[in-house]
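Written below as structure tokens is the structure these notes are about.
The values are calculated or read from the model by the stated rules, or taken from the named source; none is laboratory data. This structure is a prediction, so every number in the text was calculated from the model and none was measured. Methodologically, a virtual Cβ is constructed for each residue, glycine included, from the backbone with ideal geometry; neighbour enumeration extends over all protein chains shown. The accessibility values were calculated without ligands, DNA or RNA, using every heavy atom of the protein model including side chains. Shrake-Rupley method; radii C 1.70, N 1.55, O 1.52, S 1.80 Å.
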Amino acid sequence: MNAKVAAPDLAKAKRILAISDIHGNLELMKGLLKKVGFSESDFLVLLGDYIEKGPENLATLRYVMELSKRQNVCALSGNCDTIWEDVRYEKYHENLLRYMLWRKESVLNEMCAGLGIEVRGDMDKAQMQRALLTAYAVEFEWLENLPHIVDTPELIFVHAGIADEDLNAQDANECMMFKAFLENAPAFSRYVVAGHWPTVNYTSYANGLLSHMPIIDKEKRIVSIDGGNVVKRSGQLNCLIYADKALSFACMDDLPCRTATGPQEGGEGPVSVTWMHNELELLQRGELESACVLKHTGQRLSIPNEFLFEKDGVLFCHDYTNYVMPLREGDAVSIVETHGERVLVKRNGVLGWMDKALLTVN
Ligand SMILES: [Mn+2]
């Protein structure tokens, strides 16, 4: 299917705002809109993936549907928003139920709960589908009619990516599914703003750090804004702000905040491991940490055992960095997780370790 292109009138907008990959995190979305002071003088583009994986998928969907009634809001479809296809077309029966049993945080499970339908492996699937299609016809129709691209004089918006600038000849699925757009896309003459691929997965752009901040590639003219909200424990929601021909960002997460009670020296030459480039070779397994080689770069590093996992006899690692965060007394940090006497924290979107003894207790 050809991608649907929307070309809204932005003449009155003082700023263009863009947020991607909300994934049912309604409170964070509302918080971020408040933080940037979203108002009638802005134009807001929502880049899709409103639902699935998060805590409030149906409420988020309905909130976005309500927002999109405004003249100054345009919502695009992400790959997670095509769930209506699976409910409508009978050929997906088997997969649909398996998906619902596996993905507990699905809008479809919330919809069933709303109708008092218990989702079970031995249920009458066709009956469940008919019930959903009837009760949630308005939601499914809204999702089905979402455009895939927003075309503005200075910026192009899409959920995952576009193959080239011929916007009327883009494949809808590619727009929603483009893999690692920043790495695999050509250069464009206008900036293309995309979500879908958490920026933390683009380690080549961050000098060995793990960063959830948006990435601007000035050569390719691509802005990648998915902060990994919901899908990564350390994720955040990013908002692009385009005003007076300049790009800036605001971001927000729902991690607890603390303050450093003293300084900490930063570490040199950090090594980070993230999804897609996380295959390891084990050198020596230790009681708490194991010496490993990161296959894709050949770098050696010691990784706490709880970050390691095996799949089909191959050793992998969950997102990990050995970066020691440089801190001054009074610096604010977000707490991701505690490992013994070390705490994984985030500051300005970047992940690193700090000494637990340097944290305020609150
Ligand atoms: Mn997506």
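LYS12 is checked against (1) modelled with pLDDT under 95; (2) outside any loop (DSSP other than H, G, I, E, B) and fails just one. What number does that condition carry?
Result: LYS12 fails condition (2) only.
Would you be able to say whether some residue in the stretch 306-318 is open to solvent by 20 Å² or more (accessible area, probe 1.4 Å) and touching a residue at least 40 places away in the same chain (Cβ under 8 Å)?
yes
Restricting attention to the stretch 147-169, and to residues there that are acidic (Asp, Glu) and open to solvent by 50 Å² or more (accessible area, probe 1.4 Å), which single residue is farthest from PRO8 (Cα to Cα)? Before you say what the answer is, go through the steps one by one.
Restricting attention to the stretch 147-169, the residues satisfying the condition of being acidic (Asp, Glu) are 151, 154, 164-166.
This time we only want the ones that are open to solvent by 50 Å² or more (accessible area, probe 1.4 Å), so: 154, 164-166.
Working: GLU154: 12, ASP164: 21, GLU165: 18, ASP166: 18 Å.
It comes out as ASP164.
Tell me, yes or no, whether the stretch 194-216 has at least one residue that is modelled with pLDDT under 95 and farther than 30 Å from GLY31 by Cβ.
yes
With the structure loaded, tell me whether GLU144 is buried (at least 17 other Cβ atoms within 10 Å of the Cβ) and modelled with pLDDT of 95 or more or whether it fails that test. Let's see the steps before the verdict.
Details: buried (at least 17 other Cβ atoms within 10 Å of the Cβ): no; modelled with pLDDT of 95 or more: yes.
The answer is no for GLU144.
With the structure loaded, tell me whether GLY24 is within 19 Å of GLY227 (Cα to Cα), in the same structural domain as HIS159 (by TED's automatic domain parsing), at pLDDT 95 or above and among the small types (Gly, Ala, Ser) or whether it fails that test.
Details: within 19 Å of GLY227 (Cα to Cα): yes; in the same structural domain as HIS159 (by TED's automatic domain parsing): yes; at pLDDT 95 or above: yes; among the small types (Gly, Ala, Ser): yes.
When the stated conditions are applied, GLY24 passes them.
Return the only residue of ALA18, ALA11 being within 19 Å of GLY228 (Cβ to Cβ) and among the hydrophobic types (A, V, I, L, M, F, W, C).
Details: ALA11 fails: within 19 Å of GLY228 (Cβ to Cβ).
Unique residue meeting the criteria: ALA18.
Whether any residue in the stretch 215-226 is within 16 Å of the ligand (Cβ to nearest atom) and among the small types (Gly, Ala, Ser) is what I want to check.
yes
Can you name the residue in the stretch 171-192 that is within 16 Å of the ligand (Cβ to nearest atom), open to solvent by less than 20 Å² (accessible area, probe 1.4 Å) and assigned to a loop (DSSP other than H, G, I, E, B) and, of all such residues, is nearest to LYS4 (Cα to Cα)?
If we take residues in the stretch 171-192 being within 16 Å of the ligand (Cβ to nearest atom), open to solvent by less than 20 Å² (accessible area, probe 1.4 Å) and assigned to a loop (DSSP other than H, G, I, E, B), then ALA185 is nearest to LYS4 (Cα to Cα).
Quickly run through the stretch 15-48 and pick out the residues that are assigned to a strand (DSSP E or B) and open to solvent by 20 Å² or more (accessible area, probe 1.4 Å).
Let us first name the residues in the stretch 15-48 that are assigned to a strand (DSSP E or B), namely 15-19, 42-46.
Across the stretch 15-48, the qualifying residue is only ARG15.
Looking at (1) surrounded by fewer than 19 Cβ atoms within 10 Å (Cβ to Cβ); (2) of a type in the set (S, T, N, Q); (3) closer than 14 Å to GLY195 by Cα, which one does ASN238 not meet, given that it meets all the others?
(1)
May I ask you to list the residues in the stretch 72-102 that are in a loop (DSSP other than H, G, I, E, B) and at pLDDT below 95?
If the condition is that a residue be in a loop (DSSP other than H, G, I, E, B) and at pLDDT below 95, then TYR89 is the only one that fits.
Within the stretch 330-355, can you find the residues that are among the charged types (D, E, K, R), at pLDDT 95 or above and either within 21 Å of the chain's Cα centre (by Cα) or loosely packed, with under 14 Cβ neighbours inside 10 Å (or both)?
Passing the criteria: LYS346, ARG347.
Quick test of your reading of the structure: ALA113 fulfils all but one of (1) at pLDDT 95 or above; (2) in a helix (DSSP H, G or I); (3) within 16 Å of the ligand (Cβ to nearest atom). Name the failing condition by number.
(3)
Any chance the stretch 282-291 includes a residue that's open to solvent by less than 30 Å² (accessible area, probe 1.4 Å) and either polar (S, T, N, Q) or at positive phi (or both)?
Yes, the stretch 282-291 contains at least one residue that is open to solvent by less than 30 Å² (accessible area, probe 1.4 Å) and either polar (S, T, N, Q) or at positive phi (or both).
Name the residues in the stretch 121-137 that are open to solvent by 20 Å² or more (accessible area, probe 1.4 Å) and touching a residue at least 12 places away in the same chain (Cβ under 8 Å), would you? Even if it seems obvious, please write down each step before you answer.
Of the stretch 121-137, the ones open to solvent by 20 Å² or more (accessible area, probe 1.4 Å) are 121-127, 130-131, 133-135, 137.
Matches in the stretch 121-137: GLY121, MET123, LYS125, ALA126, ALA131, LEU133, ALA135.
How many residues, within the stretch 123-146, are assigned to a loop (DSSP other than H, G, I, E, B) and either in contact with a His (Cβ under 7 Å, 6 or more places away or on another chain) or under 13 Å from MET100 (Cα atoms) (or both)? Give the derivation first.
Step one: filter the stretch 123-146 for residues assigned to a loop (DSSP other than H, G, I, E, B), giving 123-124, 136, 145-146.
Filter once more, so that each one left must be either in contact with a His (Cβ under 7 Å, 6 or more places away or on another chain) or under 13 Å from MET100 (Cα atoms) (or both): 123.
Selection size over the stretch 123-146: 1.
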